[in-house]
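Working notes for the structure below.
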Amino acid sequence: MSRPENAQPGQRLTPRGAATRARIVAAAVELMYVKGVNATTLDDVRAASNTSKSQLYNHFPDKEELVRAVVAARAAQVLERERGNLQRLKSFRGLVRWRDALVQRNALQNGAYGCALGSLAGELADQDDQARATLAESFVEWEGLLAAGLRRMQESGVLKPDADPEKLATGLMAALQGGYLLAETAHDIKPMEIALDMALDHVKSFLTA
């Protein structure tokens, strides 16, 4: 039997309840990205999602639960996008296209706000161990998608046998996240471009031709 909208977590939501919860999470995702987790209040979320206090607290009894839902939702969004970009990666040109897509996306806001996952990690890694674990798993999967693409390049002879796909993937992720941070503080996309291009140059040094 479907539960009423104010049933406890773990029980099934009615369609109306699910829609309300999704609306709350979507509003919180955007607010916490732009304003930051700590600066976003439950009243901010309630106003942005057009929900009553009782609706908000029925779904999320405290801010910690809402933040964890935001982390899960944002991780799902980013990983869905990255799977689409990286699951068929098998060439250096594909890596350049991946770089270009990320830079162009971030350029739309002049580098402001940073990486959707990185910005959450910066605020939550030392505050909420459950959120930190979700973010860590997400970064591992993201890096794993890069490593898998680099292994495909190696298996097809594009990368030299002595290349280490896992280490190269870690370098690319570190350059990406560092580039996001520098672009965010400068409100200029150039540092992100430079960081990624230098990481790609290192990958290029392992190409067979």
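The values are calculated or read from the model by the stated rules, or taken from the named source; none is laboratory data. All figures in this text were calculated on a predicted structure; none of them were measured in a lab. No Cβ is skipped: glycine too gets one built from the backbone with ideal geometry, and neighbour counts run over all protein chains shown. For accessibility, only protein heavy atoms count, side chains too; no ligands or nucleic acids. Shrake-Rupley method; radii C 1.70, N 1.55, O 1.52, S 1.80 Å.
Within region 155-209, how many residues are farther than 26 Å from residue 114 by Cα, open to solvent by 20 Å² or more (accessible area, probe 1.4 Å) and not in a helix (DSSP H, G or I)? Counting residues in region 155-209 that are farther than 26 Å from residue 114 by Cα, open to solvent by 20 Å² or more (accessible area, probe 1.4 Å) and not in a helix (DSSP H, G or I) gives 12. Across region 31-47, the number of residues qualifying as exposed (fewer than 15 other Cβ atoms within 10 Å of the Cβ) and under 11 Å from residue 63 (Cβ atoms) comes to 3.
Residue pairs whose Cβ atoms lie under 8 Å apart, separated by 6 or more positions or on different chains, with the first residue in region 157-183 and among the acidic types (Asp, Glu) and the second modelled with pLDDT of 95 or more and open to solvent by 10 Å² or more (accessible area, probe 1.4 Å), are 162/206. Residue selection: residue 28 satisfies the criterion of being open to solvent by less than 30 Å² (accessible area, probe 1.4 Å) and small (Gly, Ala, Ser). Might you check whether a residue that is under 28 Å from residue 142 (Cβ atoms), modelled with pLDDT of 95 or more and among the small types (Gly, Ala, Ser) occurs anywhere in region 6-21? No; the residues of region 6-21 include none that is under 28 Å from residue 142 (Cβ atoms), modelled with pLDDT of 95 or more and among the small types (Gly, Ala, Ser).
Within region 45-132, which helices (runs of 4 or more DSSP H) (wholly inside it) include 1 or more residues that are under 26 Å from residue 192 (Cβ atoms)? Even if it seems obvious, please write down each step before you answer.
Working: elements: 53-59, 63-86, 92-107, 116-124.
Because the criterion is at least 1 residues that are under 26 Å from residue 192 (Cβ atoms), the helices (runs of 4 or more DSSP H) in region 45-132 that meet it are 63-86, 92-107, 116-124.
Evaluating residue 110 against the criteria (1) closer than 22 Å to residue 190 by Cα; (2) at pLDDT below 95; (3) open to solvent by less than 40 Å² (accessible area, probe 1.4 Å) leaves one unmet condition, (3).
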